[in-house]
1. Looking at (1) of a type outside the set (D, E, K, R); (2) farther than 24 Å from B:THR247 by Cβ; (3) outside any helix (DSSP H, G or I), which is the one condition that is false for B:ILE162?
2. Evaluate the following for B:VAL287: is it closer than 26 Å to A:ALA149 by Cα, among the β-branched types (Val, Ile, Thr) and either part of a helix (DSSP H, G or I) or touching a Cys at 6+ places or on another chain (Cβ under 7 Å) (or both)?
3. Among the numbered criteria (1) surrounded by fewer than 24 Cβ atoms within 10 Å (Cβ to Cβ); (2) within 14 Å of chain A (Cβ to nearest Cβ); (3) not acidic (Asp, Glu), which single criterion is violated by B:ILE129?
4. For A:ASN161, which of the numbered conditions (1) surrounded by fewer than 18 Cβ atoms within 10 Å (Cβ to Cβ); (2) more than 10 Å from chain B (Cβ to nearest Cβ); (3) in a helix (DSSP H, G or I); (4) touching a residue at least 40 places away in the same chain (Cβ under 8 Å) fails to hold?
5. With the condition kept exactly as written, say whether any residue in the stretch B:182-203 is in contact with a Phe, Trp or Tyr (Cβ under 9 Å, 6 or more places away or on another chain), away from chain A (no Cβ under 14 Å), in a helix (DSSP H, G or I) and surrounded by fewer than 19 Cβ atoms within 10 Å (Cβ to Cβ).
6. What about B:GLY209, is it more than 9 Å from chain A (Cβ to nearest Cβ), on the phi < 0 side of the Ramachandran plot, in contact with a Lys or Arg (Cβ under 9 Å, 6 or more places away or on another chain) and at pLDDT 90 or above?
7. Residue pairs, Cβ under 6 Å, 6 or more apart or interchain, first in the stretch B:33-44 and in a helix (DSSP H, G or I), second among the basic types (Lys, Arg). List them.
8. Regarding the stretch B:101-109, can at least one residue be identified that is out of contact with any Ser or Thr (no Cβ under 6 Å at 6 or more places or on another chain), surrounded by 19 or more Cβ atoms within 10 Å (Cβ to Cβ), in a helix (DSSP H, G or I) and not small (Gly, Ala, Ser)?
Amino acid sequence: VSAAAFPSARVLRSTGPSPAFVRAVDLAGQWAAPVALLVVLLAAAVFVPKFYEPGNLTVVAIQAAVLGIVAVGQMLVLLVAGLDLSVNAVLGLGAVIVISNQQGFSVVTVLEALAIAVGVGLANGLLVAWRKVPPFIATFGMLIFVGGARLAYTHGQASGNVPGWLRVVGIGQLGPLPNATLTWLVILALTGGILLFTRYGRWIYAVGANYEAARYAGVPTREVVVACYVACSVLALVAGLVLSGYIGYVDQRLGTDFNVNSIAAAIVGGTTFSGGRGNPLGTAAGAILLSVLLDLVVVAGIPINWQLAVQGLVLVLATAIQGMRGHLLGR
Amino acid sequence: VAGTASAIAPPAAAPRLGGWRLPIDGSIVFIYALVLLVGVGAGMYSERFRDPNNLTNVLRQTIVLGLLAIGQSLVILAGGIDMSVALIARLSTLVVAVLFGNNEALIVPLLAVGLAIGAALGLINGFIITRVYASPFIVTFGMFSILSGISLAIASGPVGKIPPAYLTLYDASLGPLPVSVVVMALIWGVVWMVTTRTRFGRALFAVGGSQRVARLSAINVPRTLIGAYVLSGLFAAAGGLFILARTGVGDPKMAEGLDFQSIVAVALGGMSLSGGRGSILGTLGGVLLLGVVANMFNILQVDSFFQQLILGLVVLITVATYRTGKTT
């Protein structure tokens, strides 16, 4: 159903934005994260040199890794024009299950947590793909439900018995790189490979860009959507494990901000919320940008509550750019 | 998908000029039947629940959620969503609480200030959403973060000296009923009239049904949407100011979770969350149901952990039975 059906369409189009403007907004949408990251890093070198102390850089690297892992999942869901608000609940519940049950390595609890993550992802995907529930409502209901389950399970108490193998993943290093960052890089490479070089990757982009067209082309659209939600939940679980391994304990606040931050990272990295556009590298840049900004708030000695304002501001600005971009490109 | 001409037809519930037909819709009958069922069940089970004082209390406790849910309904009817209502309520109220300084003469001006802040924040939301075509959900979600940062900067503990006269907003009663409940009933009535019988109300339905069709029908889409967000901010601020009259202190954690609850109330009331269909009376039913359930939770002293679990379950069930598509 295009505007071409109406006689005035040609007139409207000729008075629309110039191609140069469209291209500029498109480029801004794609390159916002790397460019902003460069600017922020330069500004940090001038105003907050403490940022570059090795200890702080390691902290930022680990935090960017955790956020980056969640953001990859969020990006997959955004690519199929969805949204997952249940990531922080899955992240917390998964960590709680693995950590409160064991001292050493136990395959059973890990499988248990994995099963729950897959279950939540499946439920999200089924609600969205089969019941046609708006994604934010479905995943938001799941957020409240899983969050409630976690509270009922822990009664709000923190637990501190993080098993050794998780500590290794969370704070260990291989050469100069933290293991958390390595985990992230492996996930990025895998996701990038799948998205770029396999049929499944092309299916994801096809479903997000034009659901109906993809369906007519024989893509199993609903299955693709469900798969993206499952992947997102599982990645959130992985991030939760890495994060708890890094922090060393699990409490009620673990993962609270990951909904806003993962969406902000993916969107500032060039993913549009209308689906079909976005890539892992941009998302990675978005995750680093956000982690650096949040860390700068701490290092510069600004009251911690401004972190909330920073992440909201990044989200709103990025959404504004991507909204404009999606609107202009979709004309 | 929704670009059919039927999307801009007035809602089936709209009464003809001069007619007073009530919107008899399956989901509205269902929600009120549920309210009645839960209410009567609670009344038979618990003596404390059926105490008249408790019943007026239930009504009074639904005012805050009601105000937020009204704003939320207007935005959702127009095809948007406002995740920032609770934070708009909190921020405008904290500013008012800080400015009060136990000065009775400031009550009226500060009420105006609080409402103006709410409306202004709604205006910002609406402006961003309509000017850059950004997703309303994500913009208001980001606004949620920004406003929580700012409100923590204003206060991280209880603040403000509220003059006792201000608390009469909550306490004053008119015969057996609190004044606030009577006023709230009037507000529900006025909003219902506005949504069903005015040009703005029709525009809300039309824009929520299909922005393109609304635009082609010479409806000013941006102005309608901005109007909805401004009203949402205004009602949210009013809700916050009423909380202030109840607690008598600016609490930096106030209104927590009310954004979610307002959406749940709207969804329970059968309003289509993708816009264009539903009735404000359904939302009233949703608010009443949540109010009765919350009151029963308190009487039965249900663990707050399980309260959240049950709320989540309610949301999931509502969502799973969600009406798909836009054609009836």
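The values are calculated or read from the model by the stated rules, or taken from the named source; none is laboratory data. Computed from a predicted structure; not experimentally measured. Cβ coordinates were reconstructed from backbone atoms using ideal geometry, including for glycine residues, and neighbour counts include every protein chain displayed.
1. It fails just one condition, (2).
2. For B:VAL287, the condition - closer than 26 Å to A:ALA149 by Cα, among the β-branched types (Val, Ile, Thr) and either part of a helix (DSSP H, G or I) or touching a Cys at 6+ places or on another chain (Cβ under 7 Å) (or both) - is met.
3. Of (1) surrounded by fewer than 24 Cβ atoms within 10 Å (Cβ to Cβ); (2) within 14 Å of chain A (Cβ to nearest Cβ); (3) not acidic (Asp, Glu), only one is false for B:ILE129: (1).
4. (3)
5. For the stretch B:182-203, residues in contact with a Phe, Trp or Tyr (Cβ under 9 Å, 6 or more places away or on another chain), away from chain A (no Cβ under 14 Å), in a helix (DSSP H, G or I) and surrounded by fewer than 19 Cβ atoms within 10 Å (Cβ to Cβ): present.
6. Values: more than 9 Å from chain A (Cβ to nearest Cβ): yes; on the phi < 0 side of the Ramachandran plot: yes; in contact with a Lys or Arg (Cβ under 9 Å, 6 or more places away or on another chain): yes; at pLDDT 90 or above: yes.
Yes: the conditions hold for B:GLY209.
7. Note: pairs meeting the criteria are B:GLY43/B:ARG50.
8. Keep residues of the stretch B:101-109 that are out of contact with any Ser or Thr (no Cβ under 6 Å at 6 or more places or on another chain), which gives B:101-109.
Next, only the ones that are surrounded by 19 or more Cβ atoms within 10 Å (Cβ to Cβ) stay: none.
No: zero hits.
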